[in-house]
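Notes follow once the structure below has been shown.
The values are calculated or read from the model by the stated rules, or taken from the named source; none is laboratory data. What you are looking at is a predicted structure, and each value in this text was computed from that prediction instead of being measured. Here the Cβ positions follow ideal geometry from the backbone for every residue, glycine too, while neighbour counts run over all protein chains shown. These area figures cover heavy atoms from the full protein model, side chains too; ligands, DNA and RNA do not enter into them. Shrake-Rupley method; radii C 1.70, N 1.55, O 1.52, S 1.80 Å.
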Amino acid sequence: DHHRVIWPFWLIFLSMIKIKKLCKFCDTQVTNCSGTGSCKVECDITAICPHANEVCVSIWRKKDNNVTLETLCYNPAHKLYGLVLEDYNNSKCEMKEKKGMGSEFFICSCSEDECNEHVFFTSYSLDSQVVSVILVSLVPLLVLAVLVITSFYFYRVYRQHHATSKRKKGPPVDFSDAHAIMMDDEGSDISSTHANNLNHNTELLPIELDVQVGKGRFAEVYRAKLKQGSSAGEQAFETVAVKIFPDEEYASWKNEKDIFSDADLRHENVLHFLTAEERKVQKQYWLITAYHPRGNLQEYLTRHIISWQDLWLLGGSLARGVAHLHSDHTPCGRYKVPIVHRDIKSSNILVNSDLTCCLCDFGLGLRLDNSLSVDELANSGQVGTARYMAPEVLESRINLENIESFKQTDVYSMALVLWEITSRCSAVGEVKEYEPPFGKVREHPCVESMKDSVLRDRGRPEIPNSWINHPGIQMVCATIDECWDHDPEARLTAQCVAERFSDMEHLDKLSGRSDSEEKIPEEISVVDENNLKKVEAVSNTNVPPEVYLTDCSDVCVGGL
Ligand code: ADE
């Protein structure tokens with residue numbers, strides 16, 4: 001019984017002793033503690049805190065070079081100097097700075113015996129409120145960013161899938177407006193269409209350069225021998241052309257290589273591309289293509305007077321090459337990225353052995369797909385050769401919103417080339433020496449002098465009356481006139497010009513100057529008149545009433 005009474009009393013006593021903390025308790029003392037790193041409090045008094053739930057507290061203050069440390073026991077349920085003790089469950093006394101206390105003020109609290117004898121100053125002074133304000137404002141932003149990025153990613157995947165399945169369906173998609181191209185086609189099939197764009201072999205092709213055959217703004221062109229293994233001991237070779245870009249013209253090489261690498265570009269009237277190489281040792285970039293011994297059209301026209309048949313071959317093939325570039329579908333109806341050349345001129349056209357044209361020099365070419373960046377579009381205002389620049393290019397007023405605008409500028413330049421070809425055709429009557437369009441203007445006219453001729457004076461190369469005695473030439477001139485219209489939207493499309501040329505096949509036989517005694521072929525007299533319109537386009541011309549042009553206005557005028 002005695003034990004039963006005494007035992008709970010000791011229990012209570014012991015537990016009271018255990019709960020009460022031992023803390024340094026010297027009130028406020030002057031100290032040497034500098035407020036950085038850690039300090040040992042110089043306090044000789046260790047007190048048993050009067051109340052069970054009190055914890056140990058240390059406070060460091062500095063005001064006017066007067067530095068003090070205060071040590072005490074305190075009940076964390078109450079505010080001390082207006083502050084809530086936050087970290088009293090710690091075993092160490094970690095000082096936190098508090099602002100707005102009238103002096104530099106650090107406080108710490110902890111709950112192990114004499115734990116406020118050693119105080120530790122942390123280097124950062126953000127209090128938890130500041131941290132939580134930062135977190136509260138940053139977290140929603142982060143969540144939003146993650147959401148936006150994820151939705152954009154899924155949107156891209158969806159569009160890519162959508163575009164691929166659309167293309168697989170085959171028939172040409174109507175990309176007649178810029179937004180359709182930019183938005184509907186992801187054009188991200190680059191890896192398959194660009195598979196062959198670079199000779200990735202560590203071994204470069206065995207090529208021996210012969211003579212220089214051309215020089216452009218960015219590169220020089222050489223005739224070269226591509227050596228081929230031969231069992232007979234004698235070395236066989238194929239003649240190729242090598243376009244060599246110096247180190248600093250890397251961008252131009254890359255652009256031309258990327259354009260050429262699209263397998264859909266292949267066409268009999270587009271230069272045949274073999275491969276591209278980085279010749280690191282020579283610090284050069286190469287494009288290896290088919291070689292055309294007849295050289296470029298400008299050189300050819302300078303040296304030759306051509307027949308109507310030659311004009312028809314050259315002009316028709318030029319239009320077909322440009323139409324293929326511009327087209328958004330291959331001859332089989334599969335989707336292809338439309339391309340604009342942006343530097344069509346007679347020196348950028350090679351002559352095939354069958355006297356057809358072959359477009360080359362795609363250094364300024366532009367793929368009109370939705371990989372076009374805003375920068376690329378913005379920088380695409382005025383490029384090309386001033387002599388061949390369309391009025392809207394000279395004025396830098398090209399409508400960047402509509403991809404057809406780029407095609408219309410190519411059509412203008414093509415019209416000048418068609419004029420050059422016509423000017424050297426014997427069917428026009430007396431043929432003068434070759435002169436480039438606006439030949440009177442100095443050798444490399446600048447943009448300003450071309451503006452005077454083309455914009456201020458609305459000038460175009462002359463089409464003398466004497467030219468249009470020949471019905472074929474008459475049709476060609478009417479077509480040229482519609483292609484160099486001041487209004488880009490009124491110009492014909494390259495496809496329409498190609499169709500016009502195919503309609504002209506037999507026109508030589510209508511000509512008084514023709515050597516042929518053949519009659520007008522039947523196709524001409526039976527052509528569906530609903531699709532034809534009388535030639536009216538060429539000003540000051542006497543058009544015989546029996547000559548008709550394909551009326552493209554419903555189907556293929558650039559603006560439609
Ligand atoms: N001039 C520029 N490119 C050429 C080529 N591929 N063949 C011949 N002459 C050229």
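Looking only at residues in the range 330-368 that are within 16 Å of the ligand (Cβ to nearest atom) and among the β-branched types (Val, Ile, Thr), the one that is surrounded by the fewest Cβ atoms within 10 Å (Cβ to Cβ) is 356.
Counting only residues that are of a type in the set (Ser, Thr, Tyr) and open to solvent by 20 Å² or more (accessible area, probe 1.4 Å), which one in the range 380-421 is nearest to residue 255 (Cα to Cα)?
Restricting attention to the range 380-421, the residues satisfying the condition of being of a type in the set (Ser, Thr, Tyr) are 380, 385, 388, 396, 405, 409, 412-413.
Subsequent filtering for residues that are open to solvent by 20 Å² or more (accessible area, probe 1.4 Å) retains 385, 396.
On the way: 385: 17, 396: 22 Å.
Looking at the filtered set, the residue picked out is 385.
The number of residues in the range 197-228 being under 29 Å from the mean Cα position of the chain (by Cα) and at pLDDT 95 or above comes to 3.
Residue 371 meets each of the listed conditions (1) modelled with pLDDT of 95 or more; (2) of a type outside the set (Lys, Arg); (3) part of a loop (DSSP other than H, G, I, E, B); (4) away from the ligand (no atom under 16 Å from the Cβ) apart from (1).
Inspect all residues belonging to the range 242-259 and state whether any of them is assigned to a strand (DSSP E or B), near the ligand (Cβ under 10 Å from one of its atoms) and closer than 27 Å to residue 421 by Cβ. First the steps, then the outcome.
We begin by selecting, within the range 242-259, every residue assigned to a strand (DSSP E or B); these are 242-246.
When the remaining residues are screened for being near the ligand (Cβ under 10 Å from one of its atoms), the result is 242-243.
Those left that are additionally closer than 27 Å to residue 421 by Cβ: 243.
Checked the range 242-259: at least one residue is assigned to a strand (DSSP E or B), near the ligand (Cβ under 10 Å from one of its atoms) and closer than 27 Å to residue 421 by Cβ.
Regarding the range 291-299, can at least one residue be identified that is within 23 Å of residue 472 (Cβ to Cβ), within 16 Å of the ligand (Cβ to nearest atom) and part of a helix (DSSP H, G or I)? Yes, the range 291-299 has at least one match. As a summary of the residue check, residue 272 satisfies the conditions (1) within 14 Å of the ligand (Cβ to nearest atom); (2) under 17 Å from residue 212 (Cβ atoms) except for the one numbered (2).
Going by the structure shown, is residue 239 within 15 Å of the ligand (Cβ to nearest atom) and surrounded by fewer than 19 Cβ atoms within 10 Å (Cβ to Cβ)? Taking the combined requirement at face value, the residue satisfies it. Looking across the range 205-223, the residues that are surrounded by fewer than 18 Cβ atoms within 10 Å (Cβ to Cβ), within 12 Å of the ligand (Cβ to nearest atom) and within 18 Å of residue 385 (Cβ to Cβ) come down to 215, 216, 220.
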